[in-house]
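Asker: One structure follows; several queries about it will come next.
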Amino acid sequence: MTASPRPAASPAPVGPGHEQALLAAINLARLAPSLHNTQPWRWRVSGPVAELHSDPDRAVPIADPWGREMLLGCGATLQHARSVLAAAGWRVAVSRLPDPTEPDLVARLELVEPASPAAEEARLAEAIPHRHTDRRPYTARRLPADVLQTLQQAAEQEHAHLLLVTEPDDRLDLAALTDLANRIQIADEDYTAELVTWSGERTDSAGIPAGLVPHLEAPRHTDVPVRDFEVSRPGQLPVTGTVDEEPAWCVLFTDSDTRLDHLRAGEAMARLLLTATDLGVASCPQSQAVEVPGARVLLEARLLAGLGHAQLVLRLGWPDPDGEPLPRSPRRALSEIVQVDKDPA
Ligand SMILES: Cc1cc2nc3c(=O)[nH]c(=O)nc-3n(C[C@H](O)[C@H](O)[C@H](O)COP(=O)(O)O)c2cc1C
């Protein structure tokens, strides 16, 4: 006689707890990094389900014509939401890019059942409000190998990889390609206009305020140039350090280069940045060399030697101990980015 199958566990009843948990997670997920702080995301909550949509109205079409970096930002907010929900003790089913007919639907999260709170995710969730992009020079003290290895593991956990640019020749290549990308971009007046839009005066809680941009009169970064956000107004972030002689330059990369890879790379970027924050490591994403197609191709050929596809360059290091605490970069209110379905089916 064959045993009759056990009845499937009935799902937890849908109640206000689901909505509350999802809104609490989205409230922290709002703090995720995005190119030029565009925050290119919208959420829709319906019972135990939250849908994450990319927002084409917040595209950066000159620097990011294919929306690759937009998906990196969406991946980051998705990872933040996942960590907060896991830390709060939820098992969550995630489907990424679930509907090919609806490309803006980036992910669907469903609260499946209560679970034991995940300690590692709790550390990441706690780091969310403390993570900032720090554009100032870092100290000359190198990051130790075990810290770098932990950051590499964080990327691997999310199906991406982190190349450490340690060889002098590779660093020279990265410096030259970033400089080339920068020259190509600033020669394009549409690029500059776009940069001014996102780094000039704004009233909509987006973009990069002057208070988060260091004013660098002399070069303060040794070899790899950083993006110049002082195109329309001088930066106002005080800098006390001298030169960041030994930052760790890294390339986040993926095996293939599909939209799913871009989303996953965003999740990997976010996990690695939160892990860095938890370890006291300062970070700055650096995307010019992967925005200009020719520079990206050369970077992949020379630094990755065919190992994969470059998604982002990152500068990491110990923050200057005399530096002021960074002000929080602006974010849109929760009510501006979430629509709650009051009558879920
Ligand atoms: C895909 C991507 C590319 C970025 N590129 C740069 C960059 O080239 N230079 C830079 O200073 N910051 C860069 N950033 C950081 C954003 O400007 C930053 O996340 C945003 O302004 C929000 O600030 P926060 O990270 O301090 O919360 C990038 C972020 C992302 C997600």
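Asker: If you scan the stretch 12-41, which residues turn out to be modelled with pLDDT of 95 or more and over 16 Å from Arg82 (Cα atoms)?
Answerer: Correct list: Ser34, Leu35, His36, Asn37, Thr38, Gln39, Pro40.
Asker: For Val340, only one of the following conditions fails: (1) closer than 24 Å to Glu121 by Cα; (2) touching a helix residue (DSSP H, G or I) at 6+ places or on another chain (Cβ under 7 Å). What is its number?
Answerer: It is condition (1) that Val340 fails.
Asker: Looking for whichever is of a type outside the set (A, V, I, L, M, F, W, C) and either closer than 19 Å to Ala305 by Cα or in the same structural domain as Ala63 (by TED's automatic domain parsing) (or both) here; the options are Glu167, Glu230, Glu201. Which one fits?
Answerer: Glu167
Asker: OK, next. Mind checking which residues of the stretch 117-145 are touching a helix residue (DSSP H, G or I) at 6+ places or on another chain (Cβ under 6 Å) and of a type in the set (A, V, I, L, M, F, W, C)?
Answerer: Correct list: Ala118, Ala122, Leu124, Ala125, Ala127, Ile128.
Asker: The conditions are (1) closer than 19 Å to Val290 by Cα; (2) free of Cβ contacts under 8 Å to residues at least 24 places away in the same chain; (3) among the polar types (S, T, N, Q), and Gln153 fails exactly one of them. Which is it?
Answerer: (1)
Asker: Could you list, in sequence order, the residues of the stretch 266-283 that are within 9 Å of the ligand (Cβ to nearest atom) and under 27 Å from Asp104 (Cα atoms)?
Answerer: Gly266, Met269, Ala270, Leu273
Asker: Of the conditions (1) farther than 26 Å from Arg30 by Cα; (2) in contact with a Leu (Cβ under 8 Å, 6 or more places away or on another chain), Val213 satisfies every one except a single condition; which number is it?
Answerer: Condition (1) is where Val213 drops out.
Asker: Mind listing just one residue for me: the one in the stretch 308-337 that is among the polar types (S, T, N, Q) and farther than 26 Å from Leu260 by Cα and, of those, least open to solvent (accessible area, probe 1.4 Å)?
Answerer: We begin by selecting, within the stretch 308-337, every residue among the polar types (S, T, N, Q); these are 311, 329, 335.
Now restrict to residues that are farther than 26 Å from Leu260 by Cα: 329, 335.
Values: Ser329: 31, Ser335: 98 Å².
Here the residue is Ser329.
Asker: Follow-up. Mind checking which pairs have a first residue in the stretch 24-42 that is closer than 15 Å to Ala63 by Cβ and a second that is part of a strand (DSSP E or B) and away from the ligand (no atom under 12 Å from the Cβ), Cβ under 6 Å, 6 or more apart or different chains?
Answerer: Pro40/Ser54
Asker: Then there's this: Only residues that are near the ligand (Cβ under 10 Å from one of its atoms) and open to solvent by less than 20 Å² (accessible area, probe 1.4 Å): list them for the stretch 196-213, please.
Answerer: Those that are near the ligand (Cβ under 10 Å from one of its atoms) and open to solvent by less than 20 Å² (accessible area, probe 1.4 Å): Ser199, Ala206, Gly207, Ile208, Leu212, Val213.
Asker: From the residues in the stretch 214-264 that are open to solvent by less than 50 Å² (accessible area, probe 1.4 Å), touching a Ser or Thr at 6+ places or on another chain (Cβ under 7 Å) and closer than 22 Å to Leu195 by Cα, which one is nearest to the ligand (Cβ to nearest atom)?
Answerer: The qualifying residue nearest to the ligand (Cβ to nearest atom) is Phe229.
Asker: Hey, another quick one. Consider only pairs whose beta carbons are under 6 Å apart and that are at least six residues apart or on different chains; among these, list those whose first residue lies in the stretch 330-345 and is under 24 Å from Ala210 (Cα atoms) and in contact (Cβ under 8 Å) with a residue 12 or more places away in the chain and whose second residue is open to solvent by less than 40 Å² (accessible area, probe 1.4 Å) and assigned to a loop (DSSP other than H, G, I, E, B).
Answerer: Arg332/Gln39
One line per residue, one yes/no per condition, for (1) away from the ligand (no atom under 12 Å from the Cβ); (2) crowded, with 24+ Cβ neighbours inside 10 Å; (3) part of a helix (DSSP H, G or I):
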position	(1), (2), (3)
Gly17	yes, no, yes
Gln20	yes, no, yes
Ala25	yes, yes, yes
His53	yes, no, no
Ala63	no, no, no
Trp66	yes, no, no
Glu69	no, yes, yes
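Asker: Are there any pairs with C-beta distances below 6 angstrom linking a residue in the stretch 125-143 that is within 10 Å of the ligand (Cβ to nearest atom) to a residue that is of a type in the set (Ser, Thr, Tyr), with the two at least 6 apart or on different chains, and if so which?
Answerer: Arg131/Thr277
Asker: Among Ala81, Ala76, which is the only one that is open to solvent by less than 10 Å² (accessible area, probe 1.4 Å) and more than 15 Å from the ligand (Cβ to nearest atom)?
Answerer: Details: Ala76 fails: more than 15 Å from the ligand (Cβ to nearest atom).
Sole residue among the options that is open to solvent by less than 10 Å² (accessible area, probe 1.4 Å) and more than 15 Å from the ligand (Cβ to nearest atom): Ala81.
The values are calculated or read from the model by the stated rules, or taken from the named source; none is laboratory data. Every value quoted in this text rests on a predicted model; they were computed, and no experiment measured them. A quick note on method: Cβ atoms are made from the backbone with ideal geometry, for glycine too, and the neighbour counts reach across all protein chains shown. All accessible areas refer to the heavy atoms of the entire protein, side chains included, with ligands and DNA or RNA removed. Shrake-Rupley method; radii C 1.70, N 1.55, O 1.52, S 1.80 Å.
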